[in-house]
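Data first, discussion second: the structure below is written as C-alpha cells.
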Amino acid sequence: MIDDRYPSRTQDAERILQRQEPVVYSAFDEEGYLSKEQLQFFDENGYLILEGLLKDKVQDLLNELPKLKHALKGQEELILEPDTEVVRSIFSPDKYSELYFKLACSRPLLSSAKQILNDDVYIHHSRINIKSGFDGKSFTWHSDFETWHTEDAIPGMRMLTGWVFLTENNEYNGSLFVIPGSHKKFISCVGATPDDNYKRSLRKQVLGVPGKETMQELVKEHGIKGVYGPPGTVVFHECNLMHGSPDNISPFDRTNLFFVYNSLNNQPLEDHYPSQKRRPDFLARRDVVPLYEEKEFA
C-alpha cells in the first residue's frame with residue numbers, strides 16, 4: 001500500500017494538512033535565471049510575476065490562436081464554457097504549434113522552472129485559457145495539485161506552472177486571484193471522484209473545492225492578491241497555491257498560455273492509488289520527454 005502524504009476525497013470531513021516538502025529545491029544563492037530575491041519571494045508566497053518580460057513575442061503568439069482553434073475543432077482538447085459554444089480552454093498547444101513548443105523551452109520559462117525544481121522537467125500538460133469578454137466564466141478556488149494528485153497520481157509537489165499573458169490582465173477581465181502562502185498547507189477535500197470527472201470539471205469544477213470555513217481561515221491568515229500586468233508578463237505559480245478567478249465582466253477577452261512543468265523525479269505512480277481510471281493524455285501526459293532550452297525563441 002502506498003503511503004499517501006496528501007490524502008484527499010477519501011473522507012467525510014475536510015482537513016488542513018501541512019506541506020511535507022520544499023517549495024524551492026535549489027539553493028537561493030545558486031546562480032540562475034531568477035535572482036535570490038525572486039526565489040525567496042516565490043518560496044514565501046507561492047507565485048512570482050515578471051512584468052512584461054515577453055512583450056515583444058505576444059503578437060506572434062496570438063496569431064497562432066485561430067489556427068489552433070481550427071485544428072482542434074470537435075476534439076476533446078477544445079473545452080467550452082458551461083452551457084455555451086464559447087471556447088474556454090485549449091489543451092496541448094505546444095503539440096500543435098512549433099512556436100508554442102519553443103516558448104515552453106525558452107530560457108525565461110524553462111530555466112526558471114528547472115532552477116526552482118532543481119531537476120530536469122517535462123510538460124505534464126499545457127493549455128490556453130480564454131476568458132471571452134462578457135462570456136468568460138469563473139474558476140472557483142482550488143489547488144492544482146489536489147487534482148493532479150488525486151486524479152493523475154502525481155505523488156509530490158515538485159511541479160509548477162509557468163504562464164504568459166497574451167492580453168492585459170486587470171481587475172475587470174476575470175484575472176487570477178491567489179492566496180499568498182497557502183501553498184504551504186494542503187486542503188484535503190471531501191467527496192469521491194467518478195470516472196471521467198474531467199469532462200465536467202474542466203467546464204465547472206465541483207470536486208476538490210474547499211468549503212467556505214476553510215477558505216475563510218486561509219484568507220484571514222494570508223489575504224488575497226490579484227495577479228495583474230500587461231501582455232507579455234510571465235508568472236510562475238506553485239502547484240499547491242490556492243487560486244481562482246471571477247467572471248470576465250469586461251467586453252475584452254483575457255487570454256493566457258500555461259505550461260505545467262513537472263520534475264522527472266515526480267512522475268505519476270504506476271501503482272495508481274485512486275480507483276478511477278487515469279485521465280487522458282492531453283491532461284496527464286504519458287510521453288515523459290525532458291525539455292531542453294530552445295535558444296531560437298529568445
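Listing for the model above:
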item: Residue under evaluation THR147, criteria (1) buried (at least 20 other Cβ atoms within 10 Å of the Cβ); (2) without any contact (Cβ under 8 Å) to a residue 24 or more places away in the chain, criterion not met; result: (2)
item: Test for GLU31: is it without any contact (Cβ under 8 Å) to a residue 40 or more places away in the chain and not in a loop (DSSP other than H, G, I, E, B); result: no
item: Count - residues of the range 167-211 that are in a loop (DSSP other than H, G, I, E, B), at pLDDT 55 or above and within 30 Å of VAL58 (Cβ to Cβ); result: 11
item: Residue check, ILE49 hydrophobic (A, V, I, L, M, F, W, C), under 28 Å from ASN265 (Cβ atoms), touching a residue at least 24 places away in the same chain (Cβ under 8 Å) and not in a helix (DSSP H, G or I); result: yes
item: Residues located in the range 150-168, provided they are within 23 Å of LEU103 (Cα to Cα) and more than 16 Å from the chain's Cα centre (by Cα); result: THR167, GLU168
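The values are calculated or read from the model by the stated rules, or taken from the named source; none is laboratory data. Source: prediction; values computed, not measured. Don't worry about glycine lacking a Cβ; one is built from the backbone with ideal geometry, like all the others, and counts go over all protein chains shown.
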